[in-house]
Amino acid sequence: MNQNERLNYLINYLLEDLHLDKDLFFGEDLFTTYRKLVNIREAKPVSKKFLEIQDEMLQEENRKKGIVSFENDNNKIILWKGDITRLKVDAIVNAANNQMEGCFVPGHHCIDNAIHTYAGIQLREKCHQIMKQQGILEPTGKAKITLAYNLPSCYVIHTVGPIWNGGRDREEELLANCYFNSMKLAMDNGIRSIAFPSISTGIYSFPVELAAKIAVHTVNRFLQDNPDCFDLVEWVLFDTHTESVYEDEVDKIY
Ligand code: ADP
């Protein structure tokens, strides 16, 4: 099967599963249609053939996007402007929401949507199992770990960042908890390289200057308290402004 044949198979399966009409997606490229359909599909089992074809298709997409990896240099914290789903590290961190099943908005531009889309539907299924067992929405600032399925990284650490409310809801402390608990969970799982996004500074509107200060301070402190536990800590920033704000903070510690 070539990539278009795989996508057509997956789209037809999903349209039938979701009782939707192909005409709704008229004029879109195949991957965009596929992405929207998987985004809105609730966690539930799927056929073995679907999974096989999905995995082949995503491996090919991930190869096309280009897999990126970094050697550690002298500094443990490095910055990179790009897409976290391209990164080959032990664990990438997802800025999740409190349902923790990935973004359901079709084709949305948030990091949660990207990670779930390129990992594959196994990730939503796994998160659903974890959440069912937990029985309550994921509290802000905690962290959970899963495999990364079709992503180049091995694991995804999921953490829910605080929604900015003018600093009235302990947002600073909660954001620090996201970083601390993600680092702790990574360390406990023997993870030696970890990549963070700028948690909470997108849809959740946390001011990026303050977020960067808390993020870099918390992680740097963790590294000092736990020397030799990590080879590489990286921030993956999606835009030039966010990158320069984090750069300023990292410059302060080295
Ligand atoms: P939150 O809800 O925690 O604010 P968002 O996904 O809205 O999460 O944004 C968090 C940060 O992640 C923002 O700076 C956003 O630009 C960035 N981002 C979005 N997609 C990606 C991606 N694929 N890779 C890295 N960063 C991303």
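Among the residues that make up the range 87-97, is at least one of them in contact with a Phe, Trp or Tyr (Cβ under 6 Å, 6 or more places away or on another chain), assigned to a strand (DSSP E or B) and surrounded by 17 or more Cβ atoms within 10 Å (Cβ to Cβ)? Scanning the range 87-97, I find at least one residue that is in contact with a Phe, Trp or Tyr (Cβ under 6 Å, 6 or more places away or on another chain), assigned to a strand (DSSP E or B) and surrounded by 17 or more Cβ atoms within 10 Å (Cβ to Cβ), so the answer is yes. Candidates LYS36, LYS49: the one that is assigned to a helix (DSSP H, G or I) and under 18 Å from the mean Cα position of the chain (by Cα) is LYS36. If you go through the range 107-152 and keep only what is more than 13 Å from the ligand (Cβ to nearest atom) and hydroxyl-bearing (Ser, Thr, Tyr), you end up with THR146, TYR149. Cβ-Cβ distances below 9 Å connect the following pairs, each with a first residue in the range 160-180 that is in contact (Cβ under 8 Å) with a residue 24 or more places away in the chain and small (Gly, Ala, Ser), a second residue that is away from the ligand (no atom under 11 Å from the Cβ) and part of a loop (DSSP other than H, G, I, E, B), and a separation of six or more residues or different chains: GLY161/GLY141; ALA176/GLY141. Of all residues in the range 228-254, those that are under 22 Å from the mean Cα position of the chain (by Cα), open to solvent by 60 Å² or more (accessible area, probe 1.4 Å) and without any contact (Cβ under 8 Å) to a residue 40 or more places away in the chain total 1.
Of the residues that make up the range 177-193, is at least one over 30 Å from LEU51 (Cβ atoms), within 12 Å of the ligand (Cβ to nearest atom) and out of contact with any Lys or Arg (no Cβ under 7 Å at 6 or more places or on another chain)? Walk me through it before giving the result.
From the range 177-193, those over 30 Å from LEU51 (Cβ atoms) are 177-181, 183-184, 187; that's our starting set.
The next check asks that each one be within 12 Å of the ligand (Cβ to nearest atom); those that pass are 178.
Next, from what is left, pick out any that are out of contact with any Lys or Arg (no Cβ under 7 Å at 6 or more places or on another chain): 178.
Yes - at least one qualifying residue is present in the range 177-193.
When the range 179-199 is filtered for residues that are open to solvent by less than 20 Å² (accessible area, probe 1.4 Å) and either in a helix (DSSP H, G or I) or farther than 12 Å from GLU234 by Cα (or both), the ones remaining, listed by number, are TYR179, SER182, MET183, ALA186, ILE191, ILE199. Is it the case that ASP112 is acidic (Asp, Glu) and open to solvent by less than 30 Å² (accessible area, probe 1.4 Å)? Yes.
Results for (1) touching a Ser or Thr at 6+ places or on another chain (Cβ under 8 Å); (2) of a type in the set (S, T, N, Q); (3) in a loop (DSSP other than H, G, I, E, B), shown as yes or no for each residue.
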{"position": "ILE157", "(1), (2), (3)": "yes, no, no"}
{"position": "ASN165", "(1), (2), (3)": "no, yes, yes"}
{"position": "GLU173", "(1), (2), (3)": "no, no, no"}
{"position": "ASN177", "(1), (2), (3)": "yes, yes, no"}
{"position": "GLU209", "(1), (2), (3)": "no, no, no"}
{"position": "ASN220", "(1), (2), (3)": "no, yes, no"}
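Note on the range 200-221: among residues that are more than 16 Å from ARG170 (Cα to Cα) and within 7 Å of the ligand (Cβ to nearest atom), the one that is surrounded by the most Cβ atoms within 10 Å (Cβ to Cβ) is GLY202. Picking from residues in the range 19-33 that are in a helix (DSSP H, G or I) and under 25 Å from the mean Cα position of the chain (by Cα), the one that is surrounded by the most Cβ atoms within 10 Å (Cβ to Cβ) is THR33.
The values are calculated or read from the model by the stated rules, or taken from the named source; none is laboratory data. Being a predicted model, the structure only gives us computed values, none of them experimental. With ideal geometry, Cβ positions are generated from the backbone for all residues, glycine too; neighbour counts draw on all protein chains shown. The accessibility values were calculated without ligands, DNA or RNA, using every heavy atom of the protein model including side chains. Shrake-Rupley method; radii C 1.70, N 1.55, O 1.52, S 1.80 Å.
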